[in-house]
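Peer 1: Here you go, one structure.
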Amino acid sequence: MPYMYRTLNQFGELFERTPNIHQLSARLKSDDNDQQFETSVQSITILKLFVVGSSSGIFNILQKMPNLYRLMIKAFNIMIDGYQWQKVIVNYLPKLKVFEFYMNYQLHDCDDMEKAIDDLLKSYHTSYWLVDRQCLPDFSRAFHISPSTCTTRTKPTCPSEADC
């Protein structure tokens, strides 16, 4: 399935025809009008997805993959916070050990940009991520603000200026 984005329906057909597939690298185009993904995929343990559109498609598929061990997702034009991921991982992915998530999303409201970034960062700095999962999300390359759309701003990661 190289270079072509597939819909949830096409994923369902693929899994019905290949019920013993263990690894998959694919591209998903999803929107909020997608039908429910009904096929349970017990055999998949490693999934690499490139996704455009809507987070509902990602979550819809993941709910049907209880044996997933490794998950890598690159999402474009999708905003997913740490609370959403926590809910999906805790409720549907009990065997997940390796989780990599990359997100590319353009904030359009420049006035609320700093608050939106703060809220997103806070959602990944909870006890679930820091203690339970024992990971510290890497935001070192997380933000690129285009000067043509907004005034460029930076957000310090130190608790106070004296700590920097």
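Peer 1: Once you have the Cα-Cα distance between Gln42 and Lys115, take 0.36 nm times their residue separation minus that, and quote the gain in nm to one decimal.
Peer 2: Net length gain for the segment: 22.3 nm.
Peer 1: By per-residue mean of other Cβ atoms within 10 Å, what is the highest-first order of 86-94, 127-135, 5-13?
Peer 2: So the order, starting with the most tightly packed, is 5-13, 86-94, 127-135.
Peer 1: Is the range 12-54 best put as rounded, prolate or oblate by its Cα gyration tensor, with a ≥ b ≥ c the root eigenvalues, rounded for a/c under 1.5, and otherwise prolate when a/b is larger than b/c, oblate when not?
Peer 2: Taking the square roots of the gyration eigenvalues as a ≥ b ≥ c, the range 12-54 is oblate.
Peer 1: Per q in 0.11, 0.17 Å⁻¹, report the Debye log10 I(q)/I(0) for the range 1-99, using one uniform scatterer on each alpha carbon and no solvent.
Peer 2: Values, matching the q order: -0.27, -0.70.
No lab work stands behind these numbers, since they all come straight from the coordinates. This structure is a prediction, so every number in the text was calculated from the model and none was measured. Reconstructed Cβ throughout: ideal geometry from the backbone, glycine too, with neighbour counts over all protein chains shown.
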